[in-house]
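For reference, the structure discussed in these notes is given below.
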Amino acid sequence: MIESVTPVLAQTETQAGEPVVFWLLAIVSVAAALGMVFLRKAVHSALMLATVMLSLAVLYAVQDAPFLAFVQVIVYTGAVLMLFLFVLMLVGVASTDSLVETIRGQRLWAAIAGLGFAVLVVAGLGNAALSESIGLTAANAESGGNIQGLARLLFTKYVFAFEVTSALLITAALGAMVLAHRERHSPKATQKELSKRRFRPGGHPTPLPGPGTYARHNAVDMPALLPDGSVSELSINPVIAQRSGTARMHMDLHGQTEEQAVERDVAAVRAVTEAARDADAETREAKAGTPAAGGAAGPSEGEAGK
Amino acid sequence: MSPGHYLVLSALLFTIGGVGVLVRRNAIVVFMCVELMLNATNLAFVSFARMHGNLDGQLIAFFVMVVAAAEVVVGLAIIMTIFRTRRSSSVDDANLLKY
């Protein structure tokens with residue numbers, strides 16, 4: 001039963017959908033290839049190339065090469081094309097080709113040469129005695145599958161090429177490292193030089209004073225006071241000062257005496273503490289233990305502690 | 001489907017890639033066109049493997065992929081180096097074999 005079914009399934013020549021797939025992907029891939037050549041932006045070219053590569057992957061799968069189809073998607077579309085896009089991003093996505101011809105008639109002659117080459121190759125193919133496809137059913141069955149068959153060839157007939165490939169890969173990795181490496185032309189700056197560079201020009205080398213360091217407030221929009229009682233403008237972020245009207249608020253504070261301001265602050269803190277304690281007690285009585293209530297009480301207690 | 005269809009498609013893609021190499025100025029796009037040519041030859045290899053009924057063609061296509069991956073790494077590193085020194089990835093600007 002199985003033996004009678006399997007050859008029919010594996011005979012790809014009899015696949016009914018193959019012409020549809022072929023013509024669809026042939027049109028798509030040729031159109032994408034033309035787009036790759038004629039689109040001006042390099043990123044668009046890269047995407048067109050991705051289209052061509054994916055179409056070719058499907059064509060490999062149709063042609064009894066499932067392993068190559070997957071390698072095409074993973075290595076080409078996945079790795080190589082991403083590398084292309086990576087370099088494009090480094091070089092600048094906005095880079096477009098100039099349309100000025102540096103060699104006169106270059107495009108015309110390139111088109112003529114391409115057309116001539118295409119005619120030559122296609123005519124050669126037309127004249128060649130191409131037999132019908134034998135199909136890979138027998139070759140795959142010999143080793144028990146496509147991947148097994150490729151592996152057997154790789155490690156027997158082509159084992160030397162395989163070994164040379166390892167040398168090639170190491171060379172490529174080393175070459176990429178050497179090319180991407182940037183030599184340091186000046187010695188690395190020492191800590192002494194860095195500190196000189198910082199303090200020589202004068203100005204304000206130390207950190208700026210922190211905001212709200214004056215004892216009654218601890219907010220980023222309250223400026224610190226200098227020892228003589230004046231406001232340190234450096235201590236607040238100018239953006240925050242602009243937004244919250246810090247200067248006005250501070251004028252109000254100074255409208256009262258220090259003692260009055262302190263009393264008002266202490267009263268406010270007490271009120272907050274009482275409220276927090278009540279809320280805390282309620283939560284404990286309820287034994288609800290919800291984390292939200294605990295979180296709300298936490299900061300108030302912290303403030304009271306101060 | 002006869003292998004002739006696939007081979008003609010492969011020849012067309014190869015030609016388009018070749019025209020792209022001749023026409024384009026951006027070194028990265030030129031490189032992409034070279035990749036397209038390699039892919040086209042891979043398609044021809046796979047078609048021939050199926051036509052002759054042995055796996056050698058597929059294996060050679062696999063080797064082409066490996067070599068292409070290595071070539072892309074080095075080629076893009078060279079393009080990056082040229083871009084660093086010349087601030088341009090146009091093949092017209094890299095006309096001197098020195099810094």
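The values are calculated or read from the model by the stated rules, or taken from the named source; none is laboratory data. Quick caveat, the model's predicted, so the values are computed rather than measured. Because the Cβ atoms are built from the backbone with ideal geometry, glycine has one as well, and the counts that use them run over all protein chains shown.
Odds and ends about this structure:
- Meets criteria (more than 7 Å from every other protein chain (Cβ to nearest Cβ), part of a helix (DSSP H, G or I) and over 23 Å from A:A151 (Cβ atoms)) for B:G57: no
- Filter result for A:Q72 (buried (at least 16 other Cβ atoms within 10 Å of the Cβ), modelled with pLDDT of 90 or more and touching a Lys or Arg at 6+ places or on another chain (Cβ under 7 Å)): no
- Residue match in region A:150-158 (condition: touching a residue at least 60 places away in the same chain (Cβ under 8 Å), crowded, with 16+ Cβ neighbours inside 10 Å and more than 26 Å from B:V72 (Cβ to Cβ)): no
- Any hit, region B:9-32, residues being more than 17 Å from A:M48 (Cα to Cα), out of contact with any Asp or Glu (no Cβ under 7 Å at 6 or more places or on another chain) and touching a residue at least 24 places away in the same chain (Cβ under 8 Å): yes
- Hey, B:F48 touching a residue at least 24 places away in the same chain (Cβ under 8 Å) and at the interface with chain A (Cβ under 8 Å from one of its Cβ atoms) or not: no
- Candidate set: region A:178-225, residues that are among the hydrophobic types (A, V, I, L, M, F, W, C) and assigned to a loop (DSSP other than H, G, I, E, B); chosen: the one modelled with the lowest pLDDT: A:A215
- The lone exception for B:I78 - which of (1) of a type outside the set (S, T, Y); (2) under 27 Å from A:A173 (Cβ atoms); (3) in contact (Cβ under 8 Å) with a residue 24 or more places away in the chain; (4) at the interface with chain A (Cβ under 7 Å from one of its Cβ atoms) it fails: (3)
- Filtering region A:182-200 to residues that are closer than 30 Å to B:I78 by Cβ and either more than 14 Å from every other protein chain (Cβ to nearest Cβ) or surrounded by 10 or more Cβ atoms within 10 Å (Cβ to Cβ) (or both) leaves A:R184, A:S186, A:P187, A:K188.
- Only one entry in B:S2, B:S10 is of a type in the set (S, T, N, Q), more than 7 Å from chain A (Cβ to nearest Cβ) and within 23 Å of A:V119 (Cα to Cα), namely B:S10.
- Condition met for B:L36 (closer than 24 Å to A:S29 by Cβ and free of Cβ contacts under 8 Å to residues at least 40 places away in the same chain): yes
- A:G116 vs. criteria of a type in the set (G, A, S) and modelled with pLDDT under 90: no
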